[in-house]
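Asker: First the structure, which I've put down as structure tokens, then a few questions once you've had a look.
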Amino acid sequence: MNKLKNLHDVSALYFFALAFTYIVLALAFRNGAYTDWAMVGMKILDIPFAAVALLYGSSTLYLQLTDSDEEETSPWIMVVVAFSLLLFGLVVFVNFAFPSII
């Protein structure tokens, strides 16, 4: 459980850093400041941000579903991982099947 808690802590750090960067880029694009740089940054960060967000969210969900004293693996891990992989595959499919035309 300690490894999962460490993964959760690291993914939280990356999640908040990427979210802050993405929000700043979106605001810069919306206000017309550095629009070319902001568009390139948002196109680059969308898949890593989705991956880190799913990693952070799924580790949070798994930590909430299991007891902290439980040493053996829980059957919830398969459900959480399957749902996260399915959702990430959907995000990647939508990103590449329907590219933005801006």
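The values are calculated or read from the model by the stated rules, or taken from the named source; none is laboratory data. It should be emphasised that the depicted structure is a prediction, and the values quoted were computed from it without experimental measurement. Positions of Cβ are backbone-derived with ideal geometry, glycine not excepted, and every protein chain shown enters the neighbour counts.
Asker: Just to be sure before I move on: is Leu63 touching a Lys or Arg at 6+ places or on another chain (Cβ under 8 Å), assigned to a helix (DSSP H, G or I) and either at pLDDT below 90 or at negative phi (or both) in the structure I sent?
Answerer: Yes; evaluated as a whole, the condition is true for this residue.
Asker: Then there's this: Considering only residues that are aromatic (Phe, Trp, Tyr) and on the phi > 0 side of the Ramachandran plot, which ones fall in segment 30-45?
Answerer: If the condition is that a residue be aromatic (Phe, Trp, Tyr) and on the phi > 0 side of the Ramachandran plot, then Tyr34 is the only one that fits.
Asker: Further question on the same structure: With respect to Tyr22, is the statement that it is over 25 Å from Ser100 (Cβ atoms) and either out of contact with any strand residue (DSSP E or B) (no Cβ under 7 Å at 6 or more places or on another chain) or of a type in the set (Lys, Arg) (or both) true?
Answerer: Spelling it out, it is not the case that Tyr22 is over 25 Å from Ser100 (Cβ atoms) and either out of contact with any strand residue (DSSP E or B) (no Cβ under 7 Å at 6 or more places or on another chain) or of a type in the set (Lys, Arg) (or both).
Asker: Which one is nearest to the chain's Cα centre (by Cα) among residues in segment 71-99 that are assigned to a helix (DSSP H, G or I) and aromatic (Phe, Trp, Tyr)?
Answerer: Looking at the filtered set, the residue picked out is Phe88.
Asker: Just to be sure before I move on: is Asp36 more than 19 Å from Val92 (Cβ to Cβ) and in a loop (DSSP other than H, G, I, E, B) in the structure I sent?
Answerer: It is false that Asp36 is more than 19 Å from Val92 (Cβ to Cβ) and in a loop (DSSP other than H, G, I, E, B).
Asker: Can you run down the residue pairs with Cβ atoms below 7 Å, 6 or more apart or on separate chains, where the first is in segment 14-29 and farther than 13 Å from Ile47 by Cα and the partner is among the small types (Gly, Ala, Ser)?
Answerer: Note: pairs meeting the criteria are Leu25/Ala38; Leu25/Gly41; Ala28/Ala38; Phe29/Ala38.
Asker: What about Tyr14, is it touching an Asp or Glu at 6+ places or on another chain (Cβ under 9 Å) and either surrounded by 15 or more Cβ atoms within 10 Å (Cβ to Cβ) or more than 22 Å from Pro99 (Cβ to Cβ) (or both)?
Answerer: The answer is no for Tyr14.
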